[in-house]
Amino acid sequence: MARDRSAQTDYASPIRRILIGAMLLFCIAILLLWRIDSPRVDRFRAAVVDQVVPSFEWAAAPVRRTARMAEDFQSYQRIWEQNQELKRELQRMQVWKEAAVQLEEQNAKLLALNNVRLDPKLTSVSGVVIADSGSPFRQSVLINVGAQDGIRDGWAVMDGLGLVGRISGLGAQTARVLLLTDTASRIPITIQPSGQRAILSGDNSAAPLVDFVENDDLVRPGDQVFSSGDGGVFPAGQLIGALVRERDGRLRVRLSADYERLEFLRVLRSHEAEVIEDVGSLIVPPQPEPQGPVQPAPEALSVAPVVPTLRPEARTVPAIPVSEESSDG
């Protein structure tokens, strides 16, 4: 049995060698045939190609599919790279979009600030909010205009929508604005259309309280609230907000100013009221000076005492006494 197996192994190895040698000789012959430069050999090569190549079309199909898969893979890789580039571009555009939105909001606020209708006698100075109080017990902001810009303590401050507060603290280049929501803020207001007078009191909330209303029955939620100008604290007629009523019946004001985004503020120059010293000028206008010579003033007329007169019926004639001597004569 061992000899039979060794005999079979001896037959297989020579056959392999013969086949390998034949393959090598066949390849060398084809190489030499393909390298020979002769017209007959060229015609023979062309005939061989015409006969062999069409029959091997099925063998070229996997090669073509593999080449297409490689091209598709390269195409997918380019698409992935383009997708990554578009994502990076989208991130950059998102940053620009946020910047554009912020600029648009600032532009809208500036336009609203320019469109505020003020009394023609009032002028203003615009400033930018540079800091806030950052305290729940103090409602104020800091703006970048001060005494060098002609700002005075107590002047009213508003944004593009409504009244914000007043100047409370002044520096050379900065000023502090006390907001209407601060607990130290008390201003007189007018509720329209009823014309009721009241006091707006800050309590560190978004909607200040309305106190001391003249007649509570004449006001309704939604009524407009304006500054009354009483006491000379604020110019009259500046919009503050709208009236709202809480569940407990207390009145508050929903402020028109956007306190969450205070960026640009306008300080109203309040001119002092004219002081009239001459009381007579309120009644009689000043008379022009005389052009001719001045005549002396007439003397004061003396009033004669009035003597009461008696009626004729009431007159009595006194009796004349007759003496005896006269009667004798």
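Tabulated values for the structure
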quantity: Likely footprinting exposure, MET93, MET158, fewest C-beta neighbours within 10 Å first; calculated: MET93, MET158
quantity: Global geometry of segment 175-260, whether rounded, prolate or oblate, following the gyration tensor of its Cα atoms and the 1.5 cut on a/c; calculated: oblate
quantity: J(HN,Hα) series, segment 162-168, from Karplus relation 6.51 cos²θ - 1.76 cosθ + 1.60, nearest Hz, glycine and proline x; calculated: x, 5, 10, x, 9, 6, 9
quantity: Förster radius 25 Å - calculated FRET efficiency between GLN102 and GLN173, Cβ distance, rounded to 0.05; calculated: 0.50
quantity: Burial ordering of THR181, THR66, THR123, THR174, fewest other beta-carbon atoms within 10 Å first; calculated: THR66, THR123, THR174, THR181
quantity: Proximal charge balance of TRP80 [Cβ under 14 Å; K/R count +1, D/E count -1]; calculated: 0
quantity: Taking TYR259, TYR76 and counting other C-beta atoms within 10 Å, the order from fewest to most; calculated: TYR76, TYR259
quantity: Overall Cα dimensions of segment 10-52 - principal axes, largest extent first, Å; calculated: 46, 20, 10
quantity: Formal net charge of residues neighbouring LEU243 (Cβ-Cβ distance under 10 Å; K, R +1; D, E -1); calculated: +3
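Values quoted throughout were computed directly from the atomic coordinates according to the rules given, and no laboratory measurement underlies them. Please read these numbers as outputs of a predicted model, since none were measured by experiment. Note that we place each Cβ from the backbone using ideal geometry, even for glycine, and neighbour counts take in every protein chain shown.
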